[in-house]
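> Shown below is the structure under consideration.
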Amino acid sequence: MKYHALIPAAGGGTRMGGGTPKQYLPLTGRPLIWHTLKTLTGVAAIDHVHVVLAPEDEFWGGYDWSDFKGRLTVWHCGGATRAESVIHGLRALQSLVAGDDWVLVHDAARCCLTVEHVGKLLAEVGDDPVGGLLAVPVADTLKRAQTDGRVAGTVAREGLWQAQTPQMFRYRMLLEALERMPEVTDEAGAIEAMGLHPKLVAADMTNLKVTWPLDLQLAEWILANRRQ
Ligand code: C5P
């Protein structure tokens, strides 16, 4: 039984503005995804790291990836949505993985992931019959908005968590779940739709997903301050 990492990196990152997909935006002198790959290729328990790019991706070839030689394979099979990119990536791996192997799906855009975050996930989920994900308990009071921008009501935050990645599930179960429910926004959602209950593993807010321009500055601060 092995662990494999699958990184969907086929998005356009339109919320960031500009023409460069966010996985290639410069972050401390490297493309953003380099930091994600540095962590995942640095986890000894992970057998191999697979990256799913858009078929028309013109950026990957412009960078030096020799730091990850032998630990990384790139697939140009991304789809129109994140779930589609993950499904295409899983199908590409079919002959390389066993049905019971674990697949850790991780957003390229979560570039501040650490080896310790991944270690905690593997330790807490490695024996689990279903699988699980990193997440953080919701700290703020939540409001549901009306269409006019006013508050319709308060949502009780008790028991609510923000889902992050990696999300780890067994290969066969994950592919089957996503094929049945391709409209989900994360892997856990597809597993839940099968009536199963993935395990929540407490992470922290430094594992942020770079989505808006300010997030890039936050990510830079996190990486710089970890190094000191
Ligand atoms: O857009 P969002 O931040 O939700 O994307 C999360 C991850 O999914 C990113 O790493 C992005 O590149 C990836 N993605 C993908 N294929 C898509 C859309 C997003 O691989 N069609």
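> Using a Gaussian network model on the chain with a 10 Å cutoff between Cα atoms, which of Leu214, Leu122, Leu133 fluctuates the most?
Leu214
> State whether region 18-100 is rounded, prolate or oblate according to the following rule on the C-alpha gyration tensor (a ≥ b ≥ c being the square roots of its eigenvalues): a/c under 1.5 gives rounded; otherwise a/b larger than b/c gives prolate, and the remaining case gives oblate.
oblate
> Could you give the length gained by full extension between Arg91 and Ala193, i.e. 0.36 nm per residue of separation minus their alpha carbon distance, to one decimal place?
34.7 nm
> Here's a follow-up. Between Ala156 and Thr185, what is 0.36 nm times their sequence separation minus the Cα-Cα distance? Round to one decimal in nm.
Answer, rounded to one decimal: 8.2 nm.
> Along the Cα-to-Cβ line of Ala98, 7 Å from the Cα, sits a label point; which residues in region 1-28 have backbone N less than 12 Å from it?
What the label zone holds, given the 12 Å backbone N cut-off, is 1-3.
> How far apart, in nanometres, would the label points at Val115 and Glu176 be if each is projected 7 angstrom from Cα along the Cα-to-Cβ direction?
Distance between label points: 3.6 nm.
> Choose one answer from Val155, Val184, Val118: the residue with the largest mean-square fluctuation in a GNM of the chain with alpha-carbon springs under 10 Å.
Among Val155, Val184, Val118, the largest GNM mean-square fluctuation belongs to Val155.
> Any lysines with Cα under 26 Å of the Lys120 Cα? List them, leaving off those in the same chain fewer than 8 positions away.
Within the straight-line cut-off, Lys120 pairs with Lys2, Lys38, Lys69, Lys199, Lys209.
> Kindly identify the chain as rounded, prolate or oblate by the Cα gyration tensor criterion: order the square roots of the eigenvalues as a ≥ b ≥ c, call it rounded if a/c is under 1.5, otherwise compare a/b with b/c, prolate if a/b is larger, else oblate.
rounded
> Label point 7 Å out from Thr141 along Cα-to-Cβ: which residues of region 148-165 have amide N under 12 Å?
153-157
> Also, quick follow-up: Summing -39500 (n - 2.57) over the DSSP H runs of n ≥ 4 in the chain and dividing by its residue number, what mean residue ellipticity at 222 nm do you reach, to the nearest 500 deg cm²/dmol?
-8500 deg cm²/dmol
> Of all DSSP beta bridges located in region 107-228, what percent are antiparallel, nearest 5?
Close to 70 percent.
> Ok, one more. If you build a Gaussian network model of the chain, linking Cα atoms that sit under 10 Å apart, which residue out of Tyr171, Tyr24, Tyr63 swings the most?
Tyr63
> So how much accessible area does Arg180 have, in Å² to the nearest 10, using a 1.4 Å probe?
150
> Moving to a separate point now. Between region 124-150 and region 34-80, what is the separation of their alpha carbon centroids in Å?
Using only Cα atoms to place each centre, the spacing works out to 28 Å.
> Scan around Leu6 for amide H atoms under 5 Å from its own, H built in the peptide plane at 1.01 Å from N, and keep only partners 5 or more places away or cross-chain.
Close amide H contacts, sequence-distant or interchain: His50, Leu104, Val105, His106.
> Work out, step by step, the length gained on full extension between Trp221 and Ala80: first 0.36 nm times the residue separation, then minus their alpha carbon distance; give nm to one decimal.
47.6 nm
> For the chain, what % of the accessible area comes from carbon and sulfur atoms, probe 1.4 Å?
Heavy-atom surface of the chain belonging to carbon and sulfur, 1.4 Å probe: 53 percent.
The values are calculated or read from the model by the stated rules, or taken from the named source; none is laboratory data. Quick caveat, the model's predicted, so the values are computed rather than measured. Every residue, glycine among them, receives a Cβ derived from its backbone with ideal geometry; neighbour counts consider all protein chains shown. With ligands, DNA and RNA removed, areas are computed over all heavy atoms of the protein, side chains included. Shrake-Rupley method; radii C 1.70, N 1.55, O 1.52, S 1.80 Å.
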